[in-house]
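K.L.:
Here's a structure for you.
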Amino acid sequence: MSEIIRVGCIRHVYPDKTEVLICGLEFVVKEHERVVILGPNGSGKTTLLNHLMGLLKPVEGKVSVFGVEPSRHFEEIRENFGVVFQDIDAQLIAPTVWDDITFSPRNYGYKPQEIERLANEIMNRIGIADLKKKITHYLSGGEKKKVALAGAMISRPKLLILDEPFEGLDPKSKSDIIDLLNEFNKDFGTTVVLTTHDVNVVPQIADHVYVIVHGNIVLSGSPSEVFHQVDFIRSINLEPPFTSELIANLRARGVMIEYTVDFEKLVDDIVKLIKRSA
């Protein structure tokens with residue numbers, strides 16, 4: 001798989017002179033990957049995303065997305081991007097769902113027939129066709145996320161970036177968004193990069209995980225590689241996933257069960273152990 005994102009050690013200074021340094025391990029994303037940036041609140045996750053989207057320009061260091069520096073050449077790559085911001089209410093600015101979803105292709109100069117086709121296709125896939133004429137302001141939190149996702153994915157971008165997409169969602173809405181992101185990745189080959197501090201969703205949505213703490217990228221690997229380090233995950237003010245907690249407790253008691261973040265596999269492994277000892 002070809003590399004589409006690379007971030008070295010970058011430094012950014014905000015207008016109020018607040019300085020943010022994002023350093024440590026290199027941040028690299030390959031085509032078709034699902035990548036999660038995991039870390040506690042205030043760790044630098046959103047700052048990193050804003051550099052990827054060209055909203056911020058580093059004072060030092062290099063950011064490369066699709067081979068260019070996004071803060072200088074965003075117009076060249078903008079149609080490769082789909083974005084869902086953390087503040088959904090600020091993102092949904094059009095009067096109706098239809099207006100909001102079709103905002104990008106209308107501004108990119110797509111023909112009306114093509115806009116109609118793309119909008120109907122993405123709304124049907126996401127399951128929000130019945131919301132077409134609704135006013136976005138009155139939608140539920142889960143509905144707003146789906147509308148924002150439809151707007152981001154209407155033209156099938158190569159890269160989808162999401163900042164805390166599961167924030168404030170009930171379990172059903174969260175599960176729906178996870179399923180949709182995985183579908184886009186599988187069916188369209190969409191590369192997905194998202195931030196979260198919800199460790200329990202990570203195994204369901206990630207091929208690769210980066211853990212960032214106070215601007216330092218301190219861990220990188222598959223969900224299994226990252227989450228078996230239970231004590232470290234706790235030390236950075238995150239709760240390890242249930243599967244990791246259970247495996248760590250079993251191993252501490254002499255039950256040498258294999259590390260996994262797959263809940264079904266963990267259940268199967270425990271059942272096998274029980275049957276062997278019966």
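K.L.:
In the list G168, G151, which residue meets the criterion of being within 19 Å of Q91 (Cα to Cα), out of contact with any Cys (no Cβ under 8 Å at 6 or more places or on another chain) and crowded, with 18+ Cβ neighbours inside 10 Å?
P.N.:
G151
K.L.:
Among the residues of region 147-164, count how many are farther than 15 Å from E114 by Cα, of a type in the set (D, E, K, R) and either part of a strand (DSSP E or B) or modelled with pLDDT under 95 (or both).
P.N.:
2
K.L.:
Another question about this same structure. Of the numbered conditions (1) surrounded by 15 or more Cβ atoms within 10 Å (Cβ to Cβ); (2) free of Cβ contacts under 8 Å to residues at least 40 places away in the same chain; (3) within 21 Å of the chain's Cα centre (by Cα), D187 satisfies every one except a single condition; which is it?
P.N.:
Unmet condition: (1).
K.L.:
Still on this structure: Of everything in region 7-26 that's in a strand (DSSP E or B) and closer than 14 Å to N50 by Cα, which residue is nearest to the chain's Cα centre (by Cα)?
P.N.:
Of everything passing the filter in region 7-26, V7 is nearest to the chain's Cα centre (by Cα).
Condition check ((1) in a loop (DSSP other than H, G, I, E, B); (2) of a type outside the set (D, E, K, R); (3) closer than 19 Å to S155 by Cβ; (4) modelled with pLDDT of 90 or more) across all residues:
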| position | (1), (2), (3), (4) |
| --- | --- |
| R72 | no, no, no, yes |
| E79 | no, no, yes, no |
| G82 | no, yes, yes, yes |
| A90 | no, yes, no, no |
| I93 | yes, yes, yes, no |
| W98 | no, yes, yes, yes |
| Y110 | yes, yes, yes, yes |
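K.L.:
Scan region 35-52 residue by residue and report those that are of a type in the set (S, T, N, Q) and under 16 Å from H12 (Cβ atoms).
P.N.:
Start the filter on region 35-52 by keeping residues that are of a type in the set (S, T, N, Q), which leaves 41, 43, 46-47, 50.
Answer for region 35-52, where residues must be of a type in the set (S, T, N, Q) and under 16 Å from H12 (Cβ atoms): S43, T46, T47, N50.
K.L.:
Please list, ordered by first then second residue, the pairs with beta carbon atoms under 6 Å, 6 or more apart or interchain, first in region 66-87 and within 22 Å of I101 (Cβ to Cβ), second in a loop (DSSP other than H, G, I, E, B) and charged (D, E, K, R).
P.N.:
Partner pairs satisfying both residue conditions: N80/K158; Q86/E164.
K.L.:
Restricting the first residue to region 220-238 and requiring it to be crowded, with 19+ Cβ neighbours inside 10 Å, which pairs with a second residue that is among the hydroxyl-bearing types (S, T, Y) and assigned to a helix (DSSP H, G or I) meet a Cβ separation below 8 Å and a spacing of at least six or different chains?
P.N.:
F227/T243; F227/S244; H228/S244; V230/S244; I233/S244
K.L.:
Just to verify a result, which residue in region 93-148, among those that are polar (S, T, N, Q) and exposed (fewer than 14 other Cβ atoms within 10 Å of the Cβ), is farthest from P165 (Cα to Cα)?
P.N.:
Residues of region 93-148 that are polar (S, T, N, Q), as a first pass: 96, 102, 104, 107, 113, 120, 124, 136, 140.
Pick out the ones that are also exposed (fewer than 14 other Cβ atoms within 10 Å of the Cβ) and you get 107, 113, 124, 140.
Numbers: N107: 25, Q113: 31, N124: 20, S140: 14 Å.
The selected residue is Q113.
K.L.:
Still on this structure: Among the residues of region 212-233, how many are touching a helix residue (DSSP H, G or I) at 6+ places or on another chain (Cβ under 6 Å) and of a type in the set (F, W, Y)?
P.N.:
Result for region 212-233: 1.
K.L.:
Just need a number here: residues in region 255-277 that are farther than 13 Å from P203 by Cα and surrounded by fewer than 11 Cβ atoms within 10 Å (Cβ to Cβ).
P.N.:
Qualifying residue count for the region: 6.
The values are calculated or read from the model by the stated rules, or taken from the named source; none is laboratory data. From a predicted model like this one, the values you see are computed outputs, not experimental measurements. We place every Cβ from the backbone using ideal geometry, glycine too, and count neighbours over all the protein chains shown.
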